Amino acid sequence: MSAPKSPATLRDVAELAGVSTAAVSKYINGKQRFTPAVEQRIATAIEQVDYRSNLAARSMVTGRSGAVAALVYGVENPHTAAVIKGASRAATALGYDLLFVDLLQSESPERELARVTGMQVDGLVLAAKLPPAAHKILSGYGRPFVDVNRSHAPSHAPGNEEQAAAMLGRYLLSLGHREIAYVACEAQPGNAERLLGMRRALQAAGIELEVHQVASPTAEAGARLASSLLLGQRRPQAVATCNDLIAMGLMNEARHLGLAVPQDVSIAGIENMPFARFLSPPLTSVELHADALGEWALRHLVASIDGEEAPAPAHELTPRLVVRGSTRAAT
């Protein structure tokens, strides 16, 4: 019986490609570009010897693993998926491996976060709502992290959650609506900032915001809220929700209740998810540029890891109101 074959090494790749081990390492980690011919030889050699980068070994030599982790809450959420898409694109461009951890699948976010912070990763991108106990774990993490949702975090991406909600609130006011309800959700990343922005926009007009809470940031939660919100003694003229999924569920159930949108009630969301324009009627929403936000967050994180100045926020991260058929002027 033959002995198991030893894993391929950088030296094996270098010898086959006819370059130095340093060149192979720089190519793999994305630290340097070479001529197309050299890069092709290295790529071919990697495939032929079946080389697999060893994170643990790399960490022992450099003090870094070349990997970062992204914590999310529900990868099936279109907004979260777009953030991850942008982060993944930036990680690939910068030569980093990106690991995903979905806290929705964990019974204890605190325990899952403790596990991740104990892994050999160089930093974290947080795209999930974390309980207070989890932030205590982060305070002792000792490595860079970027939070894409919390504007008061030590290192945060400029998602402009508050600005987006305030923009939507001012738009509803401009339509003449004065009885405005807002659907919030503690599990929604950026919930506190969005609620604050909406509340401040209405307060500036001398109007008190009517707030309703749902347990999960889903279409099902919006549908469950519909009857109590829309069939009460005093139905709001307009409803804004903390994300488009809740708005979709609310709007769909409103139709089943015999209400017409926007004739009987205007409904609008935040995040401008891809499906928003295909709803009936198409949903008014605020674009948060989730893809660009994810890319910026990852680049910010890597700059922090390298001890460099973080890149300036891109202009495209500024929220943008997208007006569609689910809202209209008050009558």
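Below is a table of values for the structure above.
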| quantity | calculated |
| --- | --- |
| Ranked list, fewest to most other Cβ atoms within 10 Å of each Cβ, for Leu16, Leu172 | Leu16, Leu172 |
| Test item: Cα-centred dipole of the chain, Lys/Arg +1 and Asp/Glu -1 on Cβ, debye | 180 |
| Estimated FRET transfer efficiency when R0 is 35 angstrom, pair Arg143-Arg200 (beta carbons, to 0.05) | 0.50 |
| Structure-derived semi-axes √(5λ) of the Cα gyration tensor in Å: which label, when the choices are (1) 50, 28, 16; (2) 30, 23, 19; (3) 47, 19, 18 | (3) |
| 222 nm mean residue ellipticity, helices alone, for the chain (DSSP H n ≥ 4; -39,500 (n - 2.57); rounded to 500) | -13000 deg cm²/dmol |
| Extension gain, Arg89 back to Ser228 (0.36 nm per residue minus Cα-Cα distance, nm) | 45.8 nm |
| Residue-span extension gain [Arg324 to Ala8] - 0.36 nm each, minus C-alpha spacing | 108.1 nm |
| Difference of contour (0.36 nm per residue) and Cα-Cα distance, Gln48 to Asp264 | 71.2 nm |
| Lysine pairs within the chain, Cα separation less than 30 Å, 8 or more sequence positions apart or different chains | 6 |
| Net +/- balance of residues flanking Met119 in space, Cβ distance below 12 Å, scoring K and R +1, D and E -1 | -1 |
| Burial ranking of peptide ranges 192-199, 176-183 (average Cβ count within 10 Å, highest at the top) | 192-199, 176-183 |
| Value of relative contact order over the chain, rounded to a whole percent, pairs C-alpha under 8 Å and six or more apart | 16 |
| Prolate/oblate/rounded label for region 161-288 (Cα gyration tensor, a/c 1.5) | rounded |
| Ranked by how many other beta carbons lie within 10 Å on average, peptides 280-287, 203-210, 237-244 from highest | 237-244, 280-287, 203-210 |
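Every number here is computed from the coordinates shown, using simple stated rules; none is lab data. A quick note: this is a predicted structure, and the numbers were derived from the prediction, not measured. Virtual Cβ from ideal backbone geometry, glycine too; neighbours counted across all protein chains shown.
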